[in-house]
Amino acid sequence: MKALFIVSCIVPFLMLVYPILSFLRYLFFKKPVLKSEDFLVPVSIIIACYNEEKHIREKLNSLLDPSEWIEESEIIVVSGGSTDETNRILSEFESNPKVQIIYSSTQLSKINGVNLAVENAHHEILVFSDCRQKMKKGSVRELVFHFNDPKIGTVASVLHDNPDQHSSFFRTIINGLVLLDSKSGSGYNVYGALYAQRKNIFQPFPQDQLFDDLCVIVSTIAQGTRLVQEPKAIIYDIPFQNYYKKERLERLTRGLLLFITKKWKQVMRMPLGDQFRFLVFKFGKLLLPFTFLIWGIYLMLFLIQSNLYCSLISLVTLGILLLIPKIRKALFLFLRINLYFFYAIFKFTFLKQRSERWEKLKE
């Protein structure tokens, strides 16, 4: 049992060491980006949507805002078989020469919609955007400035909670780690809601995947270019604790497992150091539920075998910690997320629930 306990500590250890290594790489192996505000070229903004009547008008208006718009750019919207008022709203923009709209009579996945839009793009810098999330003004320009550096292949935004709230602890940590990694090489996180990429390194997304971000990370680095984060390019979403509900976590887990089981060869094309960091950063969390299960069993055995005094001290200490609201809230959130991860892995592995279909979730 002790050997199993030691093995179970490997993943948490790697996840704790990861930030330290990122910081050390930042201190001693910086790779500055030749970002320039004078580099402002036309871009093709890509939007794939399905039943986005609540958000599509506001999204297009925000992108067309003079403070955001880059002259001679274009917006390409693919409506993948929308059945609500999305197409009617899009028709209001048909007379705008800056906007190209492609209607599909059948429902398209986000991946299919994005591939179709890129086929119709005319510019060398692609900016990908989702409909629901709002973004800080000037974010598109901040992404584009980085492409003055020929070594930059993809530029990612950062995700914050709603503008009137402070970002959660977990999002702050994720954004900080990606920024550190970006300064010494490449980051390993892309939010599909807003990022930019050179068209000459874009690779059409495969049909057997749920998420485009994993493909973007691997293809960017495997082609010898860098993926960096721009902290001034900000998108806003609902708070972390409200975002990761059961259905979303199950889809996230399924998407990660589909990618790693079907695209392992692509991951192996990345440099060895990037492979290691990518796997720890993106997939380490899927092993945590098994770690905590082993720790829980080990703790129960320890309490059973310990004397009554030691057991009471342990239980009282745990009880005191749970009386602290912030600790209790964080602990329950952490346990809930890992329980959903465990359940989703079980369904993927043993119940063969491996659908590649993208289900639109409730907000």
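Here, each number is a calculation from the coordinates, and none is a lab measurement. Computed from a predicted structure; not experimentally measured. Virtual Cβ from ideal backbone geometry, glycine too; neighbours counted across all protein chains shown.
Points to keep in mind about this one:
- Using a Förster distance of 25 Å, the FRET efficiency for Glu94-Lys134 (Cβ separation, nearest 0.05): 0.55
- Bridging of Lys347 to aspartates and glutamates at a Cα separation below 15 Å is possible for Glu247, Glu250, Glu356, once same-chain residues fewer than 8 apart are set aside.
- Extension reserve of the Tyr103-Glu72 stretch, reckoned as 0.36 nm per residue once the Cα distance is removed: 8.9 nm
- Placing +1 on each Lys and Arg Cβ and -1 on each Asp and Glu Cβ, with no other charges, gives segment 204-290 a dipole about its Cα centre of roughly 200 debye.
- The calculated FRET efficiency for Leu34 paired with Asn162, based on their beta-carbon distance and R0 = 25 Å, is about 0.15.
- Net lengthening on full extension, Phe170/Tyr243 (0.36 nm per residue, minus Cα-Cα): 25.1 nm
- A convex hull fitted to the Cα coordinates of the chain yields 157 cubic angstrom per residue.
- Dipole magnitude of the chain about its Cα centre (Cβ charges: Lys, Arg +1; Asp, Glu -1), debye to nearest 20: 1680 debye
- Separation of the alpha carbons by more than 28 angstrom is noted, of Lys134/Lys245; Lys183/Lys329; Lys35/Lys137; Lys35/Lys136; Lys136/Lys183, for Lys183/Lys329.
- Among Leu179, Leu126, Leu293, the residue with the largest mean-square fluctuation in a Gaussian network model of the chain, with springs joining Cα atoms closer than 10 Å, is Leu293.
- Built amide H within the under 5 Å cut-off of Val99, gap 5+: Ile75
- Scanning residues 5 or more positions from Gln229 or on other chains, those with amide H under 5 Å from its amide H are Ala156, Ser182, Gly187, with H placed 1.01 Å from N in the peptide plane.
- Theoretical FRET efficiency, 1/(1+(r/R0)^6), r = Cβ-Cβ of Asn120 and Ala3, R0 45 Å, to 0.05: 0.20
- The 3J(HN,Hα) values that the Karplus relation (6.51, -1.76, 1.60; θ = phi - 60°) gives for segment 250-264 are, in residue order, 5, 5, 4, 4, 4, x, 5, 5, 4, 5, 5, 7, 9, 10, 4 Hz. Gly and Pro appear as x.
- Taken over segment 234-363, the alpha-carbon convex hull comes to 177 cubic angstrom per residue.
- Helical runs (DSSP H, four residues minimum) scored at -39500 (n - 2.57) apiece and divided by the length of the chain put the mean residue ellipticity at 222 nm at -16000 deg cm²/dmol.
- Bridge orientation summary for the chain: considering DSSP beta bridges with both residues in this region, about 30 percent are antiparallel.
- More than 13 Å apart - percent of Cα-Cα pairs taken over segment 143-210: 71 percent
- A full extension of the chain between Thr349 and Ile304 corresponds to an added length of 12.9 nm, given 0.36 nm per residue minus the alpha carbon distance.
- In this label model, Trp264 and Glu356 are separated by 1.8 nm, measuring between points 7 Å along each Cα→Cβ vector.
- Site pair Asn148 and Val17 shows an inter-label distance of 3.9 nm when each label is modelled 7 Å from Cα along Cα→Cβ.
- Dividing the convex hull volume of the alpha carbon atoms of segment 1-92 by its residue count gives 210 Å³ per residue.
- Taking all Cα pairs closer than 8 Å and separated by 6 or more residues, the relative contact order of the chain comes to 19 percent.
- Gyration tensor (Cα) of segment 80-192, equivalent ellipsoid semi-axes in angstrom: 30, 19, 14
- Rg in Å to one decimal, and Dmax rounded to a whole Å, for segment 44-244 via C-alpha atoms: 16.2, 47
- Loop-located trypsin sites (Lys or Arg not before Pro) in segment 140-236, at most 16 other Cβ atoms within 10 Å (DSSP): Lys151
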